[in-house]
Amino acid sequence: MKVKFLGAARAVTGSCFVIETDKLKFAVDCGMHQGSAQIEKRNWNIDIYEPENIDFFLITHAHIDHSGLLPLVVQKGFRGPIYVTEPTGDLVKILLLDSAHIQETEAGWKIKRLQRWGKSADISPLYTTKDAEAVAPIIKTKKYNEMFSPAAGIKVNFQDAGHILGAAIVEIFITENGATTKLVFSGDIGRRHQLLVEDPVAISEADYLFMESTYGDRNHKGEEDSLDELAEAIDYSYSRGEKIIIPAFAVERTQEMLYSLYLLSREGRLPKDLPIFLDSPLAIKTTEVFRKYRSYLDSDTQDILKNDSDPLNLLQLQYSSSTEQSMRINEMKGPAVVISASGMCTAGRIKHHLRHNLWRPGASVVFVGYQAEGTTGRRIVEGARKIRIFNDDIAVKARIWTIGGFSAHAGQSQLLDWLHNFHTKQMKVFLVHGEFSAQETLASLIREKLSFDVTIPEYREEIILKAGAVIEEKIEPVAEEPSIDWDNLIGALEVKIADLKKRKKNIELLSTSRQMEIRDMLQEAEMNIEEIKTDI
């Protein structure tokens with residue numbers, strides 16, 4: 001059989017692994033690539049997925065970096081079933097509709113911007129609401145530990161990954177020529193002892209393991225330390241009359257933040273007059289899915305619910321569904337906690353809250369989830385002094401908090417502990433869903449402590465596997481893009497600036513309105529250069 005890595009290879013987003021046997025072709029995950037403009041270009045290269053030839057998809061969980069390209073593969077000819085757990089089925093439908101809305105909105109903004117510049121505006125969204133709606137009818141749901149056969153010679157089992165509601169570790173048994181090979185895809189492995197969900201299930205056997213490595217180079221703080229740090233962030237801005245902005249993924253992170261605020265309130269560490277806004281229609285909808293699937297929540301949460309208490313609700317909590325309600329939050333004076341999406345600050349209402357609060361010295365921005373390379377959130381966490389938001393350069397004066405203990409991903413030691421459960425010593429391990437530096441660190445520890453054979457595949461690499469945990473052949477990936485000649489690029493820019501200086505007198509002879517237009521264009525170019533300098 002052959003495995004092709006079409007995402008989450010030396011990167012954290014875009015999860016997609018295509019498996020081809022002698023009789024069929026299927027894929028685990030179909031995630032959107034997120035981060036820099038260069039990374040996001042991969043989303044448009046859908047032909048390499050060959051959607052019309054894929055028999056079925058197995059989706060580990062609902063996050064967009066694992067499910068976000070499903071509307072596009074359906075648009076391009078995929079007609080098979082999509083297998084998911086029950087909660088994932090509900091969550092995927094909500095998240096994909098929201099993603100489609102974002103694609104349509106951003107395409108509309110780009111068209112208007114080009115039209116203002118007098119340029120052609122032939123821009124289409126990655127996919128539409130209609131495309132997202134077409135996914136729902138082909139979703140097939142399964143329970144945890146319910147073995148099923150999506151095709152002859154294939155058996156699949158979903159186990160609890162302990163990451164978000166409905167997240168699954170996927171066990172795949174493939175029979176070819178009378179021999180059965182077991183593949184395990186970890187999906188995203190959850191942090192032990194996190195709120196709401198159970199710990200990840202231990203798996204003991206596999207021929208090939210495809211394992212996430214997001215935090216392969218570090219551990220998280222303990223749960224109590226993280227709760228204390230959240231309380232400290234709230235106290236810092238509350239005492240200064242400013243807002244606490246929490247960029248949070250709509251699924252799981254938002255709900256864990258609500259649960260954490262509930263715990264602080266129960267302990268008397270949350271000011272009773274502090275408003276809390278959940279400013280995300282998507283997060284509001286997904287919170288209702290959590291209430292619907294109570295049986296999937298951990299025992300501690302179910303005990304609280306049995307006592308007629310709701311850890312996802314607080315007396316001071318206010319839902320902000322409409323745009324008008326969201327705008328009023330930033331018009332409001334005084335402190336407040338604002339939980340809003342997206343979690344990496346790449347789109348959505350969080351950008352408006354950052355625009356209004358990032359420059360305020362008494363405000364807090366609290367990051368509680370992973371920030372992928374190239375995202376606005378990553379630039380802030382890494383110490384950027386200015387951030388471009390809606391074509392404005394916003395100074396970073398707020399206090400920035402990074403609380404890793406709220407992550408839904410296992411830290412380094414927890415990844416190693418989970419891997420320690422495997423008893424098949426000849427098992428081959430492929431590290432996916434991680435940045436290369438983190439993967440190298442984790443691979444070294446795995447080899448040293450557990451003696452497994454570890455491979456770190458590249459984007460678009462293909463590997464041919466044989467029964468008995470033998471890698472028969474590696475097919476090197478096609479080069480994605482040629483290298484950039486920075487000397488030539490910067491040199492050309494210098495030539496244009498020198499030429500512009502020579503034409504200064506001609507510019508001064510133009511009408512005042514035309515001079516102002518040129519000034520605005522040059523100021524925008526200057527801001528773009530400043531943003532580049534901030535990144536490096």
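Coordinate-derived values only; no laboratory data. What you see is a predicted model, and the numbers here were worked out from it, not measured in a lab. Cβ sites come from the backbone with ideal geometry, for glycine too, and all protein chains shown count toward neighbours.
Rank His353, Val381, Ala250 by how far each Cα sits towards the positive end of the charge dipole of region 224-406 (+1 on Lys, Arg Cβ; -1 on Asp, Glu Cβ) and give me just the farthest.
His353
If Lys and Arg each add +1 and Asp and Glu each add -1, what is the summed charge of the other residues whose beta carbon sits under 9 Å from the beta carbon of Gln439?
Details: positive: Arg10; negative: Asp217, Glu435, Glu440.
Local net charge: -2.
Any chance you could run the full-extension gain for His193 through Ile497? It's 0.36 nm times the residue separation minus the Cα-Cα distance, nm to one decimal.
103.7 nm
Please list, by residue number, every one of the trypsin sites (Lys or Arg not before Pro) in region 235-332 that is coil in DSSP and has at most 15 other beta-carbon atoms within 10 Å. Mind dumping the intermediate values first?
Details: sites: Arg240, Lys243, Arg253, Arg266, Arg269, Lys272, Lys285, Arg291, Lys292, Arg294, Lys306, Arg328; in loops: Arg240, Arg269, Lys272.
Listed in order of number, the matching sites are Arg240, Lys272.
Set the Förster radius R0 to 51 Å, insert the Cβ-Cβ distance between Asp22 and Leu305 as r into 1/(1 + (r/R0)^6), and round the FRET efficiency to 0.05. Walk me through the numbers on the way to the answer.
Details: r = 49 Å, r/R0 = 0.96.
Calculated transfer efficiency: 0.55.
Report the label-to-label distance for Asn53 and Asn145 in nanometres (one decimal), using points 7 Å from each Cα along the Cα→Cβ vector.
3.9
Taking the Cα centre as origin and putting +1 on Lys and Arg beta-carbons and -1 on Asp and Glu beta-carbons, what dipole magnitude results for region 57-197, to the nearest 20 debye?
Details: 16 positive and 14 negative charges, 72 e Å.
So the magnitude is around 340 debye.
Could you tell me which trypsin sites (Lys or Arg not before Pro) in region 474-527 are loop residues by DSSP with no more than 13 other beta carbons within 10 angstrom of their beta carbon? Present the calculation step by step, with values, prior to reporting the outcome.
Numbers: sites: Lys474, Lys496, Lys501, Lys502, Arg503, Lys504, Lys505, Arg514, Arg519; in loops: Arg503.
Passing both the DSSP loop test and the Cβ count: Arg503.
Could you work out the pair-distance distribution P(r) of region 492-535 from its alpha-carbon pairs, with 5 angstrom bin width and percents rounded to whole numbers?
Here the calculated profile for region 492-535 is 5, 20, 21, 27, 16, 8, 3, 1.
For the pair Ser204/Glu176, report the inter-label distance in nm, with labels modelled 7 Å from Cα in the Cβ direction.
Label at Ser204, label at Glu176, 2.8 nm between them.
Please list, or write none, the aspartates and glutamates whose alpha carbon is within less than 13 Å of the alpha carbon of Lys182, excluding same-chain residues fewer than 8 places away.
Hits, sequence-local ones excluded: Glu171, Glu205, Asp207.
Under a 5 Å amide H to amide H cut-off, with H placed in plane at 1.01 Å, what residues pair with Ala336 once short-range neighbours are removed?
Residues meeting the criterion, in which the H sits 1.01 Å from N, are Lys243, Ile244.
Using only helices, what value at 222 nm comes out for the chain when you add -39,500 (n - 2.57) per DSSP H run of length 4 or more and divide by the total residues, to the nearest 500 deg cm²/dmol?
-11000 deg cm²/dmol
Express in nm, to one decimal, how much length is gained between Trp44 and Lys76 on full extension, taking 0.36 nm for each residue of separation and deducting their alpha carbon distance.
Details: separation 32, 0.36 × 32 = 11.52 nm, distance 1.13 nm.
Working it through step by step, the gained length comes to 10.4 nm.
Between beta-carbons, use under 10 Å as the cut-off and find the net charge around Ser320, counting Lys and Arg +1, Asp and Glu -1.
Local net charge: 0.
Going by a ≥ b ≥ c, the root eigenvalues of the Cα gyration tensor, does the chain fall in the rounded group (a/c under 1.5), the prolate group (a/b larger than b/c) or the oblate group?
Details: a/c = 1.77, a/b = 1.23, b/c = 1.44.
Verdict is oblate for the chain.
Test of understanding: extend the Cα→C-beta vector of Leu489 to 7 Å, then name every residue of region 373-390 with backbone N under 17 Å from that spot.
Flagged as within label range: 374-375.
Beyond a 18 Å Cα-Cα separation, which of these cross-linked pairs lie in this structure: Lys221/Lys285; Lys25/Lys76; Lys428/Lys466; Lys41/Lys110; Lys221/Lys386?
Going by Cα-Cα distance, Lys221/Lys285; Lys221/Lys386 fall outside the 18 Å limit.
Report the full-extension gain for the segment Glu476 to Lys397: residue separation times 0.36 nm, less the Cα-Cα distance, to one decimal in nm.
Net length gain for the segment: 23.9 nm.
Where does the charge balance sit around Asp122 when Lys and Arg score +1, Asp and Glu -1, over other residues with C-beta under 14 Å from its C-beta?
+4
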